[in-house]
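Visitor: Pasting a structure below so you can have a look.
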Ligand code: ASP
């Protein structure tokens with residue numbers, strides 16, 4: 001059996017067995033909740049800190065719900081956008097908070113690599129979970145996306161998944177590719193304007209498209225991404241109307257995909273920019289399922305790193 005995780009900062013290089021264990025556990029927790037279990041006490045007496053240096057709606061709330069449903073205490077520490085120099089702020093904060101005897105720190109930061117720095121500097125016995133660092137990784141999003149696909153299409157070896165939009169700045173895309181490739185998805189296509197695709201040597205095994213009509217043809221799932229303006233220079237910003245006409249997911253384009261194609265988006269969605277409102281709200285949309293699965297995946301991860 002692959003060893004239990006102490007921290008979760010990225011899905012890259014995680015063994016398939018570990019990813020499957022987390023997905024299986026998330027599913028078991030979802031079944032338990034469906035049968036009426038609202039609260040477990042496996043993490044009673046443990047304290048989890050939400051340390052968010054960037055805004056978040058879904059991730060922060062679902063980590064908090066996940067921790068509480070497992071019986072842990074939760075402390076929220078919201079810093080929001082800050083201009084203070086990163087290193088000073090981070091370690092001052094860390095040392096102050098460590099004095100409160102924490103068991104896990106859930107961290108989101110605009111600087112890629114911050115969760116690993118915390119792993120190096122945190123007191124021993126404190127687990128670090130990455131809730132999104134820069135454009136590098138968002139491992140629990142990668143897991144919940146894989147879980148959402150698996151629920152509908154467990155036959156990963158037959159699947160074509162398209163990731164479309166601002167992949168260059170997307171930590172979600174990176175964690176999705178790591179999860180889906182490890183789980184044996186047949187093909188993950190990357191689609192977007194050249195300027196928003198990753199460097200050519202990153203994900204060399206994934207076919208790249210600048211034509212969304214060609215990319216989505218026959219696809220079994222399509223994951224749409226937001227333009228992450230906060231990570232772009234003002235000169236890089238595309239014209240939104242032109243962008244939608246080339247890379248927006250509307251009904252016409254969705255018809256080019258497989259009939260049962262799953263429509264996914266990590267949120268927040270921007271209607272009329274990367275996705276039409278009627279597609280986001282349509283019968284094939286799995287966007288709210290993704291949100292629901294987020295709680296169970298985060299329960300599974302907290303259980304993995306913290307259960308005694
Ligand atoms: N919520 C996701 C993230 O934090 C996606 C996004 O912001 O566009 O990366």
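Visitor: Could you go through region 187-194 and let me know if any residue there is more than 16 Å from the ligand (Cβ to nearest atom), free of Cβ contacts under 8 Å to residues at least 40 places away in the same chain, part of a loop (DSSP other than H, G, I, E, B) and within 19 Å of residue 257 (Cα to Cα).
Guide: Checked against the condition, which is being more than 16 Å from the ligand (Cβ to nearest atom), free of Cβ contacts under 8 Å to residues at least 40 places away in the same chain, part of a loop (DSSP other than H, G, I, E, B) and within 19 Å of residue 257 (Cα to Cα), region 187-194 yields no hits at all.
Visitor: Which residue is surrounded by the most Cβ atoms within 10 Å (Cβ to Cβ), if the candidates are limited to region 111-155 and must be within 11 Å of the ligand (Cβ to nearest atom) and at positive phi?
Guide: Within region 111-155, the match that is surrounded by the most Cβ atoms within 10 Å (Cβ to Cβ) is 132.
Visitor: Tell me the residue from 263, 279, 291, 222 that is in a helix (DSSP H, G or I) and within 16 Å of the ligand (Cβ to nearest atom), please.
Guide: 291
Visitor: Return the only residue of 70, 14, 51 being at pLDDT below 95 and either under 20 Å from the mean Cα position of the chain (by Cα) or under 26 Å from residue 288 (Cα atoms) (or both).
Guide: One residue alone meets the criteria, 51.
Visitor: Being exposed (fewer than 15 other Cβ atoms within 10 Å of the Cβ) and at positive phi, is that true of even one residue in region 34-46?
Guide: yes
Visitor: Shifting gears a bit: Taking region 156-180 as the search range and keeping residues that are in a loop (DSSP other than H, G, I, E, B) and near the ligand (Cβ under 10 Å from one of its atoms), which one is surrounded by the most Cβ atoms within 10 Å (Cβ to Cβ)?
Guide: My answer is 165.
Visitor: Do we have residue 231 as surrounded by fewer than 18 Cβ atoms within 10 Å (Cβ to Cβ), under 24 Å from residue 138 (Cα atoms) and within 16 Å of the ligand (Cβ to nearest atom) here?
Guide: yes
The values are calculated or read from the model by the stated rules, or taken from the named source; none is laboratory data. These numbers come from a predicted model, not from an experiment. Glycine also receives a Cβ, built like all others from the backbone with ideal geometry; neighbour counts cover every protein chain displayed.
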